[in-house]
Amino acid sequence: MNDRKLYLGVDLGGTNIAVGISDAGGNLSGKLSRPTPRGTGSIISAIAGACEQSLADAGLSVSDIDSLGVGVPGTIYPEGVVSYACNLGMKNVQLAKLLSERMGLPVFVENDGNCAAVGEYLVGCGRDAKSLLCVTIGTGVGGGFVENGRLFRGANGCGVELGHMVIEYGGRLCACSRRGCFETYASATALIRDCCEYIDSAPNSQCAAIAAERGGVDGRTIFLAMDAGDSGAGRVFGRYASYLACGLTNLVNIFQPELICIGGGISAQGERLLAPVRAILAEEGYARDCDVRAELVRARLGNDAGIIGAALLGRLKGEEIQ
Ligand SMILES: [Zn+2]
């Protein structure tokens, strides 16, 4: 008999469904990934099938599991209702209820940015902190805020969509229909777009040559061009970093967290990304003269943050109630 608490976690993406089983400390087993099918019924069947496979791989059964958590890239209403998730084609889906009936487990559903924040807070970079604002930089910019063991959800469960804070009034058009949102300047998508625009304007640059050699532009191209001494690439990155710092300074001014962490693929750049942002934060942050200031760090859980955070929703809920 194993009395260790175990939690199933699902990171439901537009492309893949990633599943794993986490203990309370965030140690994963039975990790697997499957393509996300189209259609709500097919997605629910695929999640259940992946969870069953994960349990079988780990030599466990449903009765060994405390709860199932799912991170969804979309707007989540209370009781685990997916109000809207455009990449999944989901609208007003009672995901927690449907999955709970299917799996025979308590099911918690949260926005994927909130899940990453929960994972980092409980077992990642924030494990010794009282409050953590987690910012995930990827296709968009997502995030979540946990303070004193509680996830901030807002009155309707939709907090914290920090990617849709406007940092350039009347700026670039965002998928949410506003102009100038943080994610249209600070996402990995935005950095790749900036890099492409630079290459168009400087076709003879080292950056253009690197992109041609590597068969296209990705999130690393601008950094490789900087390594090669391309000063124009340095200016493109400098502008990106200043937009990122602008948004992060706004967030620190509002939340004043003990820690603010950056996750997503670009965070692999480490201090090259963090140092210029930290310098702007130190200069412009409202509480810059206070002894207690938000510390900017890199997220620690990497690609597993989504699965671990979703899995540990059950642990967080248990601790929130007490
Ligand atoms: Zn937006």
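Each reported figure results from applying straightforward, stated rules to the coordinates on display, with no laboratory input. Note that the coordinates shown come from a computational prediction; the quantities given were computed from them, not determined experimentally. Note that we place each Cβ from the backbone using ideal geometry, even for glycine, and neighbour counts take in every protein chain shown.
The chymotrypsin sites (Phe, Trp or Tyr not before Pro) found in region 130-234 that occupy coil by DSSP, while having at most 14 further C-beta atoms within 10 Å, are Y169.
For region 202-207, 3J(HN,Hα) computed residue by residue from phi via the Karplus equation (6.51, -1.76, 1.60; θ = phi - 60°) reads 9, x, 9, 6, 4, 4 Hz, glycine and proline entered as x. Here the Karplus relation 6.51 cos²θ - 1.76 cosθ + 1.60, evaluated at θ = phi - 60°, turns the backbone of region 39-54 into coupling constants of x, 4, x, 5, 5, 5, 4, 5, 4, 4, x, 5, 5, 5, 5, 4 Hz, with x for every Gly and Pro. Across the chain, Cα pairs under 8 Å and at least six residues apart give a relative contact order of 20 percent.
Using a cut-off of 26 Å between Cα atoms, the listed pairs K97/K130; K5/K97; K91/K130; K5/K91; K31/K97 include K97/K130; K91/K130; K5/K91 as exceeding that distance. Within a straight-line Cα-Cα reach of under 12 Å, K317 can be paired with the following aspartates and glutamates, leaving aside sequence neighbours fewer than 8 residues apart in one chain: D66, E110. Helical runs assigned H by DSSP (4 residues or longer) give the chain a calculated mean residue ellipticity at 222 nm of -12000 deg cm²/dmol, each run adding -39500 (n - 2.57) before division by the residue total. Taking Cα atoms only, the orientation of helix 188-201 departs from the longest principal axis of the chain by about 30 degrees.
Applying 0.36 nm per residue to the separation of V166 and S29 and subtracting their alpha-carbon distance, the gain on full extension is 45.3 nm. Among R293, R220, R102, the largest mean-square fluctuation in a Gaussian network model of the chain (Cα springs under 10 Å) belongs to R102. The trypsin sites (Lys or Arg not before Pro) of region 110-184 meeting both criteria, a DSSP state outside H, G, I, E and B (loop) and at most 16 other C-beta atoms within 10 angstrom of the site's C-beta, are R127, K130, R172, R178. Relative to the dominant Cα principal axis of the chain, helix 112-123 is inclined by about 80°.
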